[in-house]
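Report on the structure given below.
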Amino acid sequence: MSCVLVTGGSGFIGSAVVQALAARGDEVIAFDIARSARIDTALAEFRNVEFVQGEITEWPQIITVVQVNRPDAIVHCAAIGMSMVPKPYARAPSISTAHAQNWGTNRAIQSARDLPPILMRREQGEADPLLNGRTDRV
């Protein structure tokens, strides 16, 4: 059994990763800026899931979670989905969206320096190597 930190753990992909890891018996820390119905479902279903609220682009928040919990791995799913971007800007993501994507990834990588190299980011539509190239489920 491993301890896994999932950034973006309340999101569409992140919450599915949280549930899959919890179902196989891992201790899971879902880190996200806000709770969602998806993560609330996982918290109700699994005793091995914990939610920690924080902002991925804020270094003190992410490094504190890593230092306190010492996860065996980090699965980085934090991102601003296009459904969260106002419609007039949906075709050209804003600077704040780019900031969250780029700095969030940078912070996740920095916080994982002392951990085993099991950090991955899955963009929408990309093949997931853990699923033998399939993109249909987590």
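Just to be sure, is ALA79 at pLDDT below 65, out of contact with any Pro (no Cβ under 9 Å at 6 or more places or on another chain) and not β-branched (Val, Ile, Thr)?
Values: at pLDDT below 65: no; out of contact with any Pro (no Cβ under 9 Å at 6 or more places or on another chain): yes; not β-branched (Val, Ile, Thr): yes.
Taking the combined requirement at face value, the residue does not satisfy it.
Within region 44-56, the residues that satisfy the criterion of being surrounded by fewer than 16 Cβ atoms within 10 Å (Cβ to Cβ) and either of a type in the set (Phe, Trp, Tyr) or in a helix (DSSP H, G or I) (or both) are ALA44, GLU45.
Filtering region 21-35 down to residues that are of a type in the set (A, V, I, L, M) and at pLDDT below 95, which residue is farthest from the chain's Cα centre (by Cα)?
Within region 21-35, the subset of a type in the set (A, V, I, L, M) is 21-23, 28-30, 33-34.
In the following step, the residues that additionally are at pLDDT below 95 were identified as 33-34.
Numbers: ILE33: 10, ALA34: 12 Å.
Top of the filtered list is ALA34.
Looking across region 21-42, the residues that are surrounded by 16 or more Cβ atoms within 10 Å (Cβ to Cβ) and of a type in the set (A, V, I, L, M, F, W, C) come down to LEU21, ALA22, VAL28, ILE29, ALA30, PHE31, ILE33, ILE39, ALA42.
Restricting attention to region 100-111, does a residue exist that is modelled with pLDDT of 70 or more, touching a Lys or Arg at 6+ places or on another chain (Cβ under 9 Å) and in a helix (DSSP H, G or I)? Within region 100-111, one or more residues are modelled with pLDDT of 70 or more, touching a Lys or Arg at 6+ places or on another chain (Cβ under 9 Å) and in a helix (DSSP H, G or I). Filtering region 5-12 for residues that are closer than 20 Å to ILE109 by Cα, touching a helix residue (DSSP H, G or I) at 6+ places or on another chain (Cβ under 7 Å) and hydrophobic (A, V, I, L, M, F, W, C) leaves a non-empty set. With respect to (1) farther than 14 Å from ILE74 by Cα; (2) assigned to a helix (DSSP H, G or I), the lone exception for GLY14 is condition (1).
Note on region 17-33: residues that are under 18 Å from VAL66 (Cα atoms) and assigned to a loop (DSSP other than H, G, I, E, B) amount to 2.
The values are calculated or read from the model by the stated rules, or taken from the named source; none is laboratory data. Note that the structure is a prediction, hence the values are computed from the model and not measured. Please note: Cβ atoms are built from the backbone with ideal geometry, for glycine as well, and neighbour counts cover all protein chains shown.
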